[in-house]
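The values are calculated or read from the model by the stated rules, or taken from the named source; none is laboratory data. None of these values were measured; they are calculated from a predicted model. Backbone-built Cβ (ideal geometry, glycine too); neighbour counts: all protein chains shown. Protein only, heavy atoms only, side chains kept; ligands, DNA and RNA dropped before computing areas. Shrake-Rupley method; radii C 1.70, N 1.55, O 1.52, S 1.80 Å.
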Amino acid sequence: MRKKILLYLLALFIFSCNRNEFSPNQKFDATTPEGVNAREISELSKKTAGPQIRIAVSGDTHTDYTDSKGFVDYVNSQNDIDFVILNGDVTNFGLLTEFQGIYDIYNKLKVPFITVIGNHDENAEGNSVYQRMYGNQNFTFDYGGIKFVCHDANSREHSFDGSSPDLDWLRMNLSKDEGTQYIVAFAHIPPIDADFDQTLRAGYESLFNSTPGMLAAVHSHRHSADSIYRANGTGIPFIITNTILNKTFTIIDITNGQLTSHPVTF
């Protein structure tokens, strides 16, 4: 009996040293990467942007590891993509093991990847996992004369309390930095969706439409074919991209202040 207990304790010790989770509330383990967005943005800053900037936007990986690997293989086979945006819903349930599974795949990309928080990523202890692994939910970075404004628009996960999207933060950050001419926003939930706080929608769209140099707002979440709408039929395009679950991602091209997008199936 004593021998069995010792063997059990030994096995428990061995497994606890690996990535196996014993609780959905686990926030990190010894191998969890930290500050990934800051690291990837630093790598991006070392690149020299050409006259055309090409971004691959992959939304809603959830736990589709097979198609995520297919996406990474496709991007790695190209030579004209500057960086990747993983535009939210990395996970299904906000679990560390899910974050880690997708990270291990995307970390094989030959270009930098920057990750935006999605509504599923805020389940359980997902907020804490995301912040430790990737950083702040609201952040900006510059590349090739363009400022990219990434933010949390997951209103339902904030109980529609008016804090998401954070319009005050956006007002402070929707301005050109030194050396930038244009602005592009990324957030997971599109304003037309029921998971977006509709009391904030008009202010959000108006803010983007009144921002000098604003080219587009890019969203995901809806798991359907790419679509574009303009608030009241005018202003910037609000682009809603497809999902990795459908073996599809979106290419964003920016040249001389002109932005275009098209889906790619792999």
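A few points about this structure:
- Unique residue being within 19 Å of residue 57 (Cβ to Cβ), of a type in the set (Gly, Ala, Ser) and out of contact with any Phe, Trp or Tyr (no Cβ under 9 Å at 6 or more places or on another chain) when the list is 159, 206, 224: 224
- The residues on offer are 213, 235, and the sole one that is farther than 26 Å from residue 102 by Cα, touching a helix residue (DSSP H, G or I) at 6+ places or on another chain (Cβ under 6 Å) and of a type outside the set (Asp, Glu) is 235.
- Looking only at residues of region 1-53 that are open to solvent by less than 50 Å² (accessible area, probe 1.4 Å) and part of a helix (DSSP H, G or I), we find that the one that is modelled with the lowest pLDDT is 11.
- Subset of region 80-138 (residues that are within 21 Å of residue 197 (Cβ to Cβ) and open to solvent by 10 Å² or more (accessible area, probe 1.4 Å)): 119, 120, 122, 123, 127, 136, 137, 138
- Residues that are under 16 Å from the mean Cα position of the chain (by Cα) and in contact (Cβ under 8 Å) with a residue 60 or more places away in the chain within region 190-232 comprise 218, 219, 220, 221, 223, listed in sequence order.
- Scanning region 233-255 for residues that are touching a residue at least 24 places away in the same chain (Cβ under 8 Å), open to solvent by 60 Å² or more (accessible area, probe 1.4 Å) and touching a strand residue (DSSP E or B) at 6+ places or on another chain (Cβ under 9 Å) yields a total of 1.
- Residues (under 15 Å from residue 88 (Cβ atoms) and either of a type in the set (A, V, I, L, M, F, W, C) or touching a Pro at 6+ places or on another chain (Cβ under 8 Å) (or both)) located in region 239-266: 239, 240, 241, 242, 244, 245, 249, 250
- Scanning region 190-200 for residues that are within 18 Å of residue 138 (Cα to Cα) and either outside any loop (DSSP other than H, G, I, E, B) or not charged (D, E, K, R) (or both) yields 190, 191, 196, 200.
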